[in-house]
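The values are calculated or read from the model by the stated rules, or taken from the named source; none is laboratory data. Note that the structure is a prediction, hence the values are computed from the model and not measured. Please note: Cβ atoms are built from the backbone with ideal geometry, for glycine as well, and neighbour counts cover all protein chains shown.
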Amino acid sequence: MGKRLSTYGPFIPVLALYVIIFLVGKGVQGMWQVMAMLTFYCALGQAFNIFLGMTGYVDFGYVAFLGVGTYGMALSITYLAHQGMTGPAVIIIGFLLALIFPALLSMAVGAVALRLRGAYFAIATIGVNEGFRYLIEGAKIWNGSEGMIFTSELNQVLGRDTASGLSTFWADVYLFIIAALAALVTLHFMRSRIGYALTALREDEDAAKVMGINVTKYKIIAFITSACFAGLVGGTSWALKTPYVFPPEVFEIHYTIEAIIIVLLGGAGTLMGPVIGALIYGLSKYYLSIILPGFQLLIFAPIIIVIIIAFPDGVMGVVKQRLRGTSLARFIE
Amino acid sequence: MLQVSELESGYGPMQVLWKPSIRVRKGTITSLLGPNGVGKSTFLMTVFGSVTPWSGKIIYEGEEVTHLPTHIKVDKGLTLVPEGKHLFGGMTVYENLMMGAYLKRAQQYREESLELVYSLFPRLKERGKQLAGSLSGGEQQMVTVARALMSKPKMIMLDEPSQGLAPLLVQHVFETIQKMKAQVGLTILLVEQNADASLAATDYVYVMHEGRIKAEGTPEDIKSSDEIREAYLGL
């Protein structure tokens, strides 16, 4: 028990934060949509952290994995509804496709782009995202630029009540679960040889090679894992919550930028960082838009710059350093 | 131990190595000398696999390893200490050393290796809890070599271990390299610009120029040939 506690102890405060977010959303009048937005950011950050945080590689095309995950869910619902299939099995198959599509895309992208380092990798990945979007639009794959609207198919598969319950409540609950799972996988990586190898290659790839680490293998493991979680986030938050998908929306680079900000604000490579980053980012974005509608970005940008300067390793990076050697340290990662 | 024949490699369209061949006998220190920019580091990196060989053959312990990836080579006991200070600055010296024992093969001998490393570099034992990034240049160099030793190598390739160090430390580095051979039984391939110090410490010497081996022999042979000394080593 003692060993297990020290291994998985840091998961407790993260889970506690998720429960608090959930309870505030459920209990406080009018807060559900805010908390749902925060959950999306938490899940996005938590998923992206597995790659960006643990390897130090910046993937500017990350949103593409959310995009293909969304398509995975959308295709499953649309196609199976036309086949006359109904029930939760359709959604389960949708989740499987939301895993398989990003897994395949990340393998293809990773095999090529992960040979590049630093800025070259970042630039190559922007190309992938844009390229994939124009491929779908230009070649009229999956309805091309018209996108897919599957509200009636979703109603047909699940029944009207369940479908609307899904979009107003249950999709967000799934997101909580996905975010928590992503955190658990992150912690599992941190505590295993995978995390050991990833830390080494993040700090110094040449040194990692000298230690006998198969750097390509571990980069790809982190990349695929991260992409799969992105696919689940897309399939849940974008397909189940709002049953339509348009290429310009699901390949919008803006979401990648948000994910990067969240991870860096909270502390890249830490377990709790993405949650903290999502809370800071989501809450300030939301309340600034209420207090200063229209000016939020003007205020927001300097705030982010100040935080990054004050906490170059992210909020959790600093907290971790402060707690080093204290009894609290084993609950914070 | 290691036999490299007619190795060719380079970067993009630029060829750096023009078929140099060398042989490193087991339990010896062999050095590859030459001025800046003649392909010495590229040679080591190509043998290690971080630069892809275009053609040629690399035989290590009787087995062809030309196209094996780096992590397999390390597992077989062939490792490289790259040029410059590639250490994990945010970790302590001890943590850096422990990271060196990443391989399963090395992990079980972790404590033994640590003792060995501390006996070779007593300074690192004192500095164990200090952040590696805060050490002096010479100490950082020790950490990178020590970390490589933690992977339990049989043969180690050192890329300019004396680079940027004060003359007194340079001497210390070469003494340690000789200890690594004598006490640990390691085979060592050394790349150096510091011809003077390496000639004094090595068993066999290759002189490289423009990606080719221009001369070879015992340190005495090299030292006694005025032509080689003047043309390639600047002594």
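Give the residue that is nearest to A:Leu52 (Cα to Cα), with candidates limited to residues of region A:149-169 that are among the hydrophobic types (A, V, I, L, M, F, W, C) and in contact with a Leu (Cβ under 8 Å, 6 or more places away or on another chain).
To start, the set of residues in region A:149-169 that are among the hydrophobic types (A, V, I, L, M, F, W, C) comprises A:149-150, A:154, A:157-158, A:163, A:166, A:169.
Filter again for in contact with a Leu (Cβ under 8 Å, 6 or more places away or on another chain), leaving A:154, A:157-158, A:163, A:166.
Details: A:Leu154: 34, A:Val157: 37, A:Leu158: 37, A:Ala163: 34, A:Leu166: 31 Å.
Only one residue fits best here, namely A:Leu166.
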Inspect region A:153-175 for any residue being within 18 Å of A:Ser106 (Cβ to Cβ), aromatic (Phe, Trp, Tyr) and crowded, with 21+ Cβ neighbours inside 10 Å and give the result as yes or no. no
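Test A:Ile290 against the criterion of being under 15 Å from the mean Cα position of the chain (by Cα) and in a helix (DSSP H, G or I), and give yes or no. Give the steps one after another, and end with the answer.
Numbers: under 15 Å from the mean Cα position of the chain (by Cα): no; in a helix (DSSP H, G or I): yes.
Considered against the rule, which asks whether it is under 15 Å from the mean Cα position of the chain (by Cα) and in a helix (DSSP H, G or I), A:Ile290 comes out as no.
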If I go through region B:130-155 residue by residue, how many of them are within 11 Å of chain A (Cβ to nearest Cβ), of a type outside the set (Gly, Ala, Ser) and outside any helix (DSSP H, G or I)? 3
Which residue pairs have Cβ atoms under 6 Å apart, sit 6 or more places apart or on different chains, and have a first residue in region A:235-246 that is over 13 Å from A:Gly94 (Cα atoms) and a second that is in a loop (DSSP other than H, G, I, E, B)? A:Val245/A:Gly147; A:Phe246/A:Gly147
Tally the residues that are more than 14 Å from A:Leu38 (Cβ to Cβ) and charged (D, E, K, R), restricting the search to region A:242-287. 2
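Is it the case that region A:21-37 has a residue that's touching an Asp or Glu at 6+ places or on another chain (Cβ under 7 Å) and crowded, with 19+ Cβ neighbours inside 10 Å? Working first, answer last.
Initially, region A:21-37 is screened for residues touching an Asp or Glu at 6+ places or on another chain (Cβ under 7 Å), giving A:36.
Now narrow it down to the ones that are crowded, with 19+ Cβ neighbours inside 10 Å: A:36.
Checked against the condition, which is being touching an Asp or Glu at 6+ places or on another chain (Cβ under 7 Å) and crowded, with 19+ Cβ neighbours inside 10 Å, region A:21-37 yields at least one hit.
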Residue identified as small (Gly, Ala, Ser), assigned to a helix (DSSP H, G or I) and under 15 Å from A:Val275 (Cβ atoms) among A:Ala43, A:Ala74: A:Ala43
Pick from region A:191-201 the residues that are under 23 Å from B:His86 (Cα atoms) and touching a residue at least 60 places away in the same chain (Cβ under 8 Å): which of them is nearest to the other protein chains (Cβ to nearest Cβ)? A:Thr199
Only one of (1) over 13 Å from B:Ala148 (Cα atoms); (2) within 13 Å of chain A (Cβ to nearest Cβ); (3) touching a residue at least 12 places away in the same chain (Cβ under 8 Å) fails for B:Thr66. Which number is that? (2)
Hits in region B:2-31 - residues which are closer than 20 Å to B:Leu199 by Cα and free of Cβ contacts under 8 Å to residues at least 60 places away in the same chain: B:Arg23
Unmet requirement for B:Asn96, which otherwise passes all of (1) part of a helix (DSSP H, G or I); (2) in contact with a Lys or Arg (Cβ under 9 Å, 6 or more places away or on another chain); (3) in the same structural domain as B:Val207 (by TED's automatic domain parsing); (4) not small (Gly, Ala, Ser): (3)
From the list B:Leu87, B:Leu44, B:Leu68, B:Leu80, which one is assigned to a loop (DSSP other than H, G, I, E, B) and within 17 Å of the chain's Cα centre (by Cα)? B:Leu87
Pairs where the first residue, in region B:71-100, is facing chain A (nearest Cβ under 8 Å) and farther than 18 Å from B:Ser50 by Cα and the second is acidic (Asp, Glu) and in a loop (DSSP other than H, G, I, E, B), C-beta under 7 Å, 6+ apart: B:Phe88/A:Asp204
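Among the helices (runs of 4 or more DSSP H) lying completely within region A:202-264, list those that include at least 3 residues that are out of contact with any strand residue (DSSP E or B) (no Cβ under 6 Å at 6 or more places or on another chain), farther than 24 Å from A:Gly314 by Cα and away from chain B (no Cβ under 14 Å). Don't jump to the end; show me each part of the working.
Working: elements: A:205-210, A:215-233, A:247-250.
In region A:202-264, the matching helices (runs of 4 or more DSSP H) lie at A:215-233, A:247-250.
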Can you pull out the residues in region A:293-325 that are in contact (Cβ under 8 Å) with a residue 40 or more places away in the chain, of a type in the set (D, E, K, R) and part of a helix (DSSP H, G or I)? A:Lys320
